[in-house]
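What follows is a single structure, written as structure tokens, with notes after it.
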């Protein structure tokens, strides 16, 4: 619900407040609220674009059921560049996308990726796919599960298999299958 309201989706009805224990607000909570407020100040179209971009990156990184610190760092850097966000804003966006991908991935993957197609140009979708490959390769290995997910993402973004393969070829040294073959041959 928080992600949908922050990034412009969901209903406009006010949420019922949760029971909160009285007490001093931590500085961490205040910082999160301030950052969320800054993101909410962005135009809704921009928030949707950034949210979709971050979600698809989290989807690619989580394909092997593990998102490494280096993959998170790569996602944050990409979100800063694409969304022109501060580092703190990017951390919040990436953490939200990561949590959504981990919790609702199987349900939301196709829907979010297709929604991204509707609000982006072909060049933006290609940039997203290239960035998703870079995130998968950030830990120096694109696993078979990540590779399969990148294929699916490419297909959902509207790319032909040969177009996805052309991008994948740029990361051939990070493909776990290639690495395993090289180790087996002693190369």
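Values quoted throughout were computed directly from the atomic coordinates according to the rules given, and no laboratory measurement underlies them. All of these numbers come straight from a predicted model, not from anything done at the bench. Glycine gets a Cβ as well: all are built from the backbone with ideal geometry, and neighbour counts include every protein chain shown.
Values computed for the structure shown
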| quantity | calculated |
| --- | --- |
| Qualifying residue in the stretch 118-129 (condition: exposed (fewer than 13 other Cβ atoms within 10 Å of the Cβ), touching a residue at least 12 places away in the same chain (Cβ under 8 Å) and not in a helix (DSSP H, G or I)) | no |
| Number of positions in the stretch 153-178 that are more than 13 Å from residue 61 (Cα to Cα) and buried (at least 16 other Cβ atoms within 10 Å of the Cβ) | 11 |
| Answer residue from the stretch 91-108, given it is farther than 12 Å from residue 52 by Cα and touching a helix residue (DSSP H, G or I) at 6+ places or on another chain (Cβ under 7 Å) and is surrounded by the most Cβ atoms within 10 Å (Cβ to Cβ) among those | 92 |
| Failed criterion for residue 139 (all others in (1) assigned to a helix (DSSP H, G or I); (2) closer than 20 Å to residue 68 by Cβ hold) | (1) |
| Residue match in the stretch 90-97 (condition: farther than 30 Å from residue 29 by Cβ, in contact (Cβ under 8 Å) with a residue 40 or more places away in the chain and assigned to a helix (DSSP H, G or I)) | no |
| Residue match in the stretch 106-116 (condition: under 21 Å from residue 143 (Cα atoms) and without any contact (Cβ under 8 Å) to a residue 40 or more places away in the chain) | yes |
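Here's the yes/no breakdown for (1) touching a residue at least 40 places away in the same chain (Cβ under 8 Å); (2) within 20 Å of residue 142 (Cα to Cα); (3) in a loop (DSSP other than H, G, I, E, B):
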position	(1), (2), (3)
34	no, no, no
62	yes, yes, no
73	yes, yes, no
79	no, no, no
82	yes, no, no
102	yes, yes, no
